[in-house]
Structure formats: structure tokens, C-alpha cells
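Only one structure is covered here, and it is reproduced in the block below.
Read-outs throughout are calculated quantities, based only on the coordinates presented, and are distinct from any laboratory measurement. For clarity, every value in this text was computed on a predicted model and none was experimentally measured. Cβ coordinates were reconstructed from backbone atoms using ideal geometry, including for glycine residues, and neighbour counts include every protein chain displayed.
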Amino acid sequence: MKGLEYSLKRLPGKHSLFWKLACLLIAFCLLMIWLSWSWGRYMEQQGAFLSDDARATLSGYAAGAELAWNTGGSAGVDAWLQTMGKRESTWLGVIGNHLQSLSSYPLTDKESQRLTFLRGLDWPVSRHAKGLPWLKIPFPVDPGAGALVIELPQRFMPGRYQLFWRVVTNGVIPGLFTLLLCVGLYRLLIMPLNHLREQANAWRADQLATRLSHDATSRQDELGELGRAFDHMSERLQSTVSVQQQLLRDLSHELRTPLSRLRVACDSEQDLPQLRERLGREIDGMQRLVEDTLQLAWLDTERAPLPQEEIQVQALWDMLRENACYESGWPVSRLQCGLEADCWVRGHLNSLAQALENILRNAIRHSPAAGVVRLDGRREGDEWHLWLQDQGGGVDEEELERIFAPFTRLDGSRPGDGGFGLGLSIARNAVQRQGGHLWAQNAGQGLRVHMRLSAR
Amino acid sequence: MNPAAINLPSILTIEDDPVLGAYVHEQLGRCGFQVTWCQNGQAGLKMAREQAFDVVLMDILLPGMDGLSILTHLRQSHSIPVILMSALGAEADRISGFRLGADDYLPKPFSMIELRVRIEAILRRVALDRRPLPALAAVRNDARCLRFDDELCDVFHQEQWAGLTRSEYRLLETLYRNGEEVLSKAFLYQHVLQRGYAPHDRSLDMHVSQIRRKLKTIGYTEREVRTVWGKGYVLSGLDEGA
């Protein structure tokens, strides 16, 4: 039973190309067999009958014989036979109703035997008669008076073109049908592949925006799946390339800002310590930008899993809070944590710390004076759902996803306040690298950044 | 003024960039090190093998022979401390550097202060390794409030064990042994975690955070691990500088 179910499961799906091909080939085979069978028979039957031309000629002979008999009797028949003998090389005779010769020469035994249509004992018993067939044609005006008997002249023998027709029915026509089948198969199987090839060539020419036609992707069968997969791939490729280009543009733009400030500092006349202090500040900013970008690129491209360890979120929070308080000058009481000591998650310490630190910095930067930032969370099955809530202005609903894109700075934040718009992108990449999720939500007052991480 | 000046620590710098190399050479010389500067990888390896240096400071991208190959060759016969410098700041490069036996990895650009701290951390760690361990007994008797147990790797206070991990114990013990002296992160990484320090590495901070929590749990308030910004950590009394 199990084996049957297994093999049933392994059958191709309803829309599979297999069924199409199977139906097509089976139908084709049956058609070919029927065609050669029925047509062959038809042609053979057709070939067994005299042509109209032969019939008319032979009827004319019979009429001539009757005329000769009626006008001249035996002598007339003799004369007629003599003239006919010059025209036809085969045997010719005119007989009466009792199978007697109407000419003055009686029939030989052999001839009378032929007239009775009986086969000799030693004749081949086959459908195909030996030698040329004998025909009896009654007189057209008075059939009772007699008949013309004639050995069919070779030129009237039907089926002279039999070989030709056999070639046509057994060779040419099946060949044509097979050609049609090939064309059909080609259209069915190869044309979609040609589309794919054209698409691949378009990629080679850097036209990443080209997509397959609707026909190619709306098919239900395997080729349709292939087409959709292909389209999906080009979608990914295009977005990757555009992200890369965007990143490069943004990065050079961001680097230009500190460079132009350096240029100004270089040109303006300042005393040395002031210049030095300013240089140091700008270099620090540039270094941070490059480091953050490298970090982002590293998180983005590196696919090897990060080594995971168990992390106590409370201890992590204590560590980050100490740094944040030092950086921002906030008192400890404004950075609150609602989590208990039993909140342990599995993750990569350095990247998780960096993610949470970036989110915290972002929250602090957008907090109003005397605002509070609070970390909270709850256990949900095998995961910990953590969130960090600030009391800032929040962001517009349609910007909630965009804040995670690199170099995104919303209108509210001032340029040069320390952010390059990379923090949240790094945070998201870092959380995703360890199998977590990161998203934002407007909650009451301020922004709430959610994080989902696997529990210990 | 400097009693240790008789035996200056000797440093071999292998760096091909003329500007950076000259600057490092000059600055380290000013800091009281005896610096030898070499611009070629092959020659650098030869010198490191033939002469006795205290620390080798080496770039990764070098003409002749790259830093990682030099390190591989050097490690076959010498255990001399090596600091790698590189503009390749990615995590993967750092890890491959450590795997080949580097003692520290310094991403470019770096400040002279940073370089000096790291060199000193390594020199100090080497000195500690060479010296026989001083008995901790003196410290132990003195610690009427916190008792260290080397066997269990844990501390005891008011009839309670703090439940430290091995690394946390080693860190606390190092801080305790050095009294009120501020220990740099570079040194603590070298001595406690036996690896180089990187800006994104938070293991040490996390250990400190755990030590603080655990000491608080057992009610030890006499001294605490304090952060000295830009320098490192110190175990000091609560009232000091608070």
C-alpha cells in the first residue's frame, strides 16, 4: 500500500508536461496506425477496378463485336476478330450463350477452360491471379445474343501506379504527419526555451529590466515554472544591482560631505590646535562611515552561520546602558528595562549587541528632553519577543519599512548629528543573520522597534 | 627617569608604506621602543628569525611575501608575539589572522595611542607569562569580604558563592590582583581571553556586566568593577571618584 502511495505521489502533477507529451504521442501513434491500415485497404480496393477509360474502350469493343455478329454472322465476327487482332496483342473471342464460339473457329480446350473461370489444379491459389485476367463483356444491345471475351490488355491492367501510391500512403504522408508533430513539439517545448535564452542574452547586454512574456510565465506546466523562476531570478538580480548602485552613490555622497568640510577647514585660516581638532573630528566621522558600511556589506554578503551562544538580555542591557549613558549623558533612570533575569536568548553576542546598541542610539537620538526609553518583552513559545519603546515622534506609517534601508535619513533628523542612516540597516541585518526578525511600529507615543529572537 | 630604559623593548616593523612606516618608526622610537623598520616581506622574515625581538609589527599586504605567509613561516620556529596591521578590516580577515597565530590584529587606520596600548598589553602579558605566579595568599588574607577559590574558579562572600564562569573568575582575579590600577582592554583581552581586541568585540564588556550583576546578587559592595572611558577597567572602592 505504502509503495503504491509513494509511487502515486511521485507521479507528475496534473499540469505536468508529461501528460501533454503522453497524450500527443499516443494520439499520433494511433492516427498513424489507422491511417496506414484504412488507407492502404482503400487504395488496394481502388486498384482492383478497371479505369473508366478501359471500361469505355472495352464496351466499345463489345458493341463492335455485336455489330459484326448482327451484320455478318460468323464471317463478320471472323473479320472483326482479325482486325482486332492487329490492335490488341492479347486473346480475343466472341462467344454465344452456350459458351460456343460465334466465329467460325471453335474454341480450344484451354480456351473453354479459361471461359469457365475455373482454376487449374496446379495454379497458384492466391488472391493475385496468375497472368492477365479474362473478361466477359455481354453485347450491349442484346446481352442474350452473346458476349465478347477478352484477355485484358496489359495497358488496361489496373494498379499500374500501385508502387507510387504505396510510397505516398506509407512514406510521404506519415512523413508529413511526423513533420507536423515535430513542429508541434518544437512549439510546445523549444519556443519557451528560446524565450529564456533571449532573456539570458538580454542580461548579458545589461538589460536587467527585461521580463519574460505573459504567455511564458502563465503556463501551468514545468516550463511555466521554469519561466517564473527565471523571472524571479531576474527580479532579484535587478534589485541587488540597484541596491549596490544606490549604496555606492550614497556612500560617495556621504564621503563628500566630510571631505568638503575638510577642504573648507584647510582653506580657512585657523590656528593649528583648532585645525587639528577639526581634522580629528572629521576623520573620526569618515572612519565610522567606512566601518559601518563595511560592516553592512559584511553582514550582507557573508553567508556562513554566526557562532551562537546563550546571552542574558539583562546583562547585555546593563552593558549597553552604561555605554549609552556615557555617550548621551542620560541618567540611568531614563533607560529602563522591564525584563527579568530569566530572559536568555541564543544569538551571536557581538552582532546582537551591535544591533541593540544601534536601536538604542536611534531611540535616544529621537527622544524628547526627559524622555524615557524602555526595553520590554515576553516569551512566545520558543522565542523571545523584545521591544524597545521611545517617546519620540514616531515615523509615518509608510516610512516604517524605509527606515531600515541604508542611508535613509528622515526629514526630522539633522544631517551631521552623528548618523549616516546605517544603524538600523546594520541592526536588521545583524538580527536576521542570527535567525531573528526586526520591525518597527508606531505605538502610542513614539516608535516601538520589535525584535524576535530564539530563546535559550 | 625610566629605570627600564637600560633594556629597551625591541620592535620589528614590517611595513611597505613609506609614510606610515616612517611615522610609526619615529613615534614608537619616541615612546621608548627600539624600532627596526623593514620594507620587504622576505627580508622581514629573515630578520625576525635571526635577531631577537620582543614584538613584530607587520602589515598584511607586503611586497615579496605577504604578512600571513610570513606569520605561517615564523610560527614554525618562533613564538615571538606578532601584531598584524591591515586595511582589510573585515571580520573574516581578523579571524584568519588569529588562526595563523597572530597575537593581535589592528585595523587601519589606527591612532598611535591605540598601537602603543596594544604593544604594551602584549609586552605585559609576555612578562606575566614568564614570571612565576606570585602567591595570591597575601591578597586572599587581605580580602576579608571576598574570598577567591582557584579550584572552583569562584568567589565567596557572606556564605554565598557568586557562581562565576571560568573567564569571569579570571577577569575578576586579574583586576583584583592589580589593585587600583586601570587595566587596558587590550591587556585584558590578551591576558584573560587570550586574543586580540577588536572594536566590535563585546565579550569582555559582557563578562564585566555579568561580574557586576553577580557581585551585586551576593551583596558584595566593598569594591566594584568600574569603567574608565577610553582606557579600560579597574576594580575600585565605591566612594572613589564617584
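The table for this structure:
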read-out	value
Inter-centroid distance (Cα atoms) of the stretch B:81-130 relative to the stretch A:128-186, Å	102
Between 0 and 90°, nearest 10: helix B:166-177 axis offset from chain B longest Cα axis	90
Label-to-label distance, nm, for residues given as residue B:47 and residue A:341 (7 Å Cα→Cβ offset)	5.5
Sorted by Cβ density within 10 Å, fewest first, the residues A:337, A:343, A:325	A:325, A:337, A:343
Given charges at Cβ of Lys, Arg, Asp, Glu: the protein assembly as shown dipole, positive-most of A:70, A:223, B:25	A:70
Net charge dipole size for the stretch B:153-206 [Lys, Arg +1 and Asp, Glu -1 on Cβ; Debye, nearest 20]	280
Efficiency of FRET from Cβ geometry, residue A:437 and residue A:238, R₀ 35 Å, rounded to 0.05	0.90
Residue (of B:169, B:71, B:42) at the positive-pole extreme of chain B, dipole from beta-carbon charges	B:169
Ranked list, fewest to most other Cβ atoms within 10 Å of each Cβ, for A:448, A:87, B:147	A:87, B:147, A:448
Estimated distance in nm for a label pair at residue A:183 and residue A:145, the labels positioned 7 Å out from Cα along Cα-to-Cβ	6.1
Only Lys, Arg (+1) and Asp, Glu (-1) charged, at Cβ; the stretch A:149-269 dipole about Cα centre in debye	560
Degrees between helix B:112-130 axis and first principal axis of chain B (Cα, 0 to 90, nearest 10)	70
Cleavage-rule hits, GluC sites (Glu not before Pro), the stretch B:137-218, DSSP coil, Cβ neighbours within 10 Å at most 14	B:151, B:159, B:180, B:181
Estimated dipole of the stretch A:283-333 in Debye, rounded to 20 [Cβ of Lys and Arg +1, of Asp and Glu -1, Cα centre]	80
Gained length - residue A:252 relative to residue A:18, 0.36 nm times residue gap less alpha-carbon distance	78.9 nm
Given 10 as the ceiling on other Cβ atoms within 10 Å, longest exposed-site-free region of chain A for GluC sites (Glu not before Pro) in DSSP loops	A:1-268
Coil-residue trypsin sites (Lys or Arg not before Pro) of the stretch B:33-89, DSSP, other Cβ within 10 Å capped at 10	none
Angle in degrees between helix A:191-204 and the longest Cα principal axis of chain A, rounded to the nearest 10	40
Label-point separation, residue A:405 to residue B:22 (7 Å along Cα→Cβ), nm	4.7
